[in-house]
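The values are calculated or read from the model by the stated rules, or taken from the named source; none is laboratory data. All of these numbers come straight from a predicted model, not from anything done at the bench. Neighbour counts run over all protein chains shown; Cβ positions are idealised from the backbone, glycine included.
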Ligand SMILES: Cc1ncc(C[n+]2csc(CCOP(=O)(O)OP(=O)(O)O)c2C)c(N)n1
Ligand code: SF4
């Protein structure tokens, strides 16, 4: 199916700035879904609030655009109501890990089958450039005019510690890898996390003198490296890309079927 | 004892009512004095193939039930004041997106952590105005277990009829007290199922296009129709819009569908109201004491009556105005600083004759309290 068939043209023009990474993420996601041969009816997209969360409106799936930070909590109810569907939850770094951080770690801990995409632009785009929990020490933001002294999360480490059974990281420069990560994440039977470093030239880029969108993508090219590469050993500051975790653990909705079986056995005994 | 006669807590009566109404998904977070609802449902729901989940907080609980409702389930959450505060943003979302759900608030003393194990009726206005922005809500209550059962069923029926969240405002006393409950036979109380669209697969379905009767048929999310749901102002497709006509139209629709049906939504009990010189207006556990006063004074020839409200919001203003016309004294009996009192005063022709009998110390207001306050108002001294 051509890419445009996945898109709700009625929603266009989109609200993203020129050069914003979020459109690249949307493109890679469509290509992953297309490659998997999933029908539009098999996909539910649940999102919160932010520039990144707007993806849900633009795509012709079952789409639920909710409130800031709570997408995974809504998605949990949707998934338990409809265990057979594929749930994809696109989130910004603030949406997923500031206001939504608690829901994130608990969804990961439950290992409920859904794909959390964290579009990490290290800033609050939608509200105009305030620092996020991913901005990192020493960065600048509209609410950190002198310097940000908050330390950043490592999304991959956080996800692993919280119990996610699929964890990957990629960037908007590495679209092939991104598509591949999405494909595997969607197929994964459990809670999957894909962190995508996605540029916000308008706020993070401008505030931190990162140059144009293309410059920011070149930065992703030059400052990341495949997991366990030789380059990483030589330069520990490089950010690793790839699939960090992919393991099988009981999935929440399937485990709940066991609960129902047990309860029914008990119910009959009185 | 027959199988359907039980001796239970009010919280269990609520559970029984919810299951009778077809509840099959519950998400919650423990909090006194509502916890028994979650505990019982964790046991009961999976026995009939339903699902229970304990979420990480009340925000998540409220969000999860909205998600599950959209996929076609009958859903509920239960909490008390602090948790009810956390639910407000998502409650507003359910109002805006017109997703049926039932929220139980077993009230305790507030503000803040307040009095976890004591009674209060302090959340009446929070139920009305807790969520931001203009909106309308349905909030119901009851004073005994048989009524708690019935009003819980009613909450599910109204949630489906009006595609809206319905709040059940119980309180610590009715929630924890044990009393007899007779569970009605199947079919005894009519149930309102989800109104689903007749639009076939492949044909455009408008999730937010009301029918002629004002109701909006739903299509189970994830089913044959793909559509968008958003908390932004939206058009009949569910697509965001800031067109002034669309915005005003939606807001009016959200208000009107409830406020214009206040009469149909009004549930109440009346005791000796017809010739009452003193009319007590009360609800929830306070109404038990008020009823006691009425039953006690009538044989002594005192013309005291009770209007027990079960629908608090939309406030049954026509009913209250009418019933308050003849009595010389109207006394609102409640366990807060006068939250229903305000609504009564606003509604009646003659607000000067409306008084408050309350207790705000975490204790149940007693018949003696009510009697004493009445005597003061009547100039008889205590
Ligand atoms: C409860 C609540 N608090 C604050 C906001 C305002 N708000 C909207 S989006 C946003 C942050 C967006 O940043 P992020 O999630 O990183 O996504 P981005 O826009 O950068 O893609 C904030 C703070 C809100 N909508 N709701
Ligand atoms: S503000 Fe940043 S994140 Fe938002 S659309 Fe613009 S570039 Fe993208």
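Of the conditions (1) more than 10 Å from every other protein chain (Cβ to nearest Cβ); (2) more than 14 Å from ligand 2 (Cβ to nearest atom), residue A:21 fails just one. Which one is it? Evaluating residue A:21 over (1) more than 10 Å from every other protein chain (Cβ to nearest Cβ); (2) more than 14 Å from ligand 2 (Cβ to nearest atom) leaves (2) as the failure. The number of residues in the stretch A:24-44 being touching a strand residue (DSSP E or B) at 6+ places or on another chain (Cβ under 6 Å) and either within 16 Å of ligand 2 (Cβ to nearest atom) or part of a helix (DSSP H, G or I) (or both) comes to 2.
Scanning the stretch A:202-226 for residues that are within 16 Å of ligand 1 (Cβ to nearest atom), more than 15 Å from residue A:142 (Cβ to Cβ) and not in a loop (DSSP other than H, G, I, E, B) yields A:213, A:216. Applying the condition of being surrounded by 11 or more Cβ atoms within 10 Å (Cβ to Cβ) and away from chain B (no Cβ under 13 Å) to the stretch A:1-17 and asking which residue is farthest from ligand 2 (Cβ to nearest atom) yields A:1.
Identify all residues within the stretch A:227-270 that are at positive phi and in contact with a strand residue (DSSP E or B) (Cβ under 6 Å, 6 or more places away or on another chain); write none if there are none. Before you say what the answer is, go through the steps one by one.
Here is the first cut: in the stretch A:227-270, the residues at positive phi are A:228, A:242, A:270.
Matches in the stretch A:227-270: A:242 only.
Which ones in the stretch A:191-201 are within 14 Å of ligand 2 (Cβ to nearest atom) and not in a loop (DSSP other than H, G, I, E, B)? Once the filter is applied, which keeps residues that are within 14 Å of ligand 2 (Cβ to nearest atom) and not in a loop (DSSP other than H, G, I, E, B), the stretch A:191-201 yields A:196, A:197, A:201. Look at the stretch A:89-144 and say how many of its residues are assigned to a strand (DSSP E or B) and surrounded by fewer than 20 Cβ atoms within 10 Å (Cβ to Cβ). Of the residues in the stretch A:89-144, 2 are assigned to a strand (DSSP E or B) and surrounded by fewer than 20 Cβ atoms within 10 Å (Cβ to Cβ). Do we have any residue at all in the stretch B:144-164 that's farther than 20 Å from residue B:253 by Cβ, more than 13 Å from the chain's Cα centre (by Cα) and surrounded by fewer than 24 Cβ atoms within 10 Å (Cβ to Cβ)? Yes, the stretch B:144-164 contains a residue that is farther than 20 Å from residue B:253 by Cβ, more than 13 Å from the chain's Cα centre (by Cα) and surrounded by fewer than 24 Cβ atoms within 10 Å (Cβ to Cβ). Among the residues here, residue B:170 does not qualify as within 14 Å of another protein chain (Cβ to nearest Cβ) and either touching a residue at least 40 places away in the same chain (Cβ under 8 Å) or within 18 Å of the chain's Cα centre (by Cα) (or both).
So, of the residues in the stretch A:223-248 that are within 16 Å of residue A:184 (Cβ to Cβ) and touching a residue at least 40 places away in the same chain (Cβ under 8 Å), which turns out to be surrounded by the most Cβ atoms within 10 Å (Cβ to Cβ)? Here the residue is A:241. Scanning the stretch A:51-65 for residues that are within 9 Å of ligand 1 (Cβ to nearest atom) and crowded, with 24+ Cβ neighbours inside 10 Å gives A:51, A:52, A:53. Going residue by residue through the stretch A:66-73, is there one that turns out to be over 20 Å from residue A:22 (Cα atoms) and away from ligand 1 (no atom under 11 Å from the Cβ)? Yes, the conditions are met somewhere in the stretch A:66-73. With respect to the stated conditions, residue A:83 fails to be more than 12 Å from ligand 1 (Cβ to nearest atom) and under 18 Å from residue A:206 (Cα atoms). A single entry from A:167, A:156, A:175, A:193 fulfils the requirement of being within 16 Å of ligand 1 (Cβ to nearest atom) and modelled with pLDDT of 95 or more: A:193. On inspection, residue A:125 passes the criterion of being under 27 Å from residue A:23 (Cβ atoms), in contact with a helix residue (DSSP H, G or I) (Cβ under 9 Å, 6 or more places away or on another chain) and within 16 Å of ligand 1 (Cβ to nearest atom).
The lone criterion from (1) within 28 Å of residue B:256 (Cβ to Cβ); (2) surrounded by 21 or more Cβ atoms within 10 Å (Cβ to Cβ) left unmet by residue B:304 is number (1).
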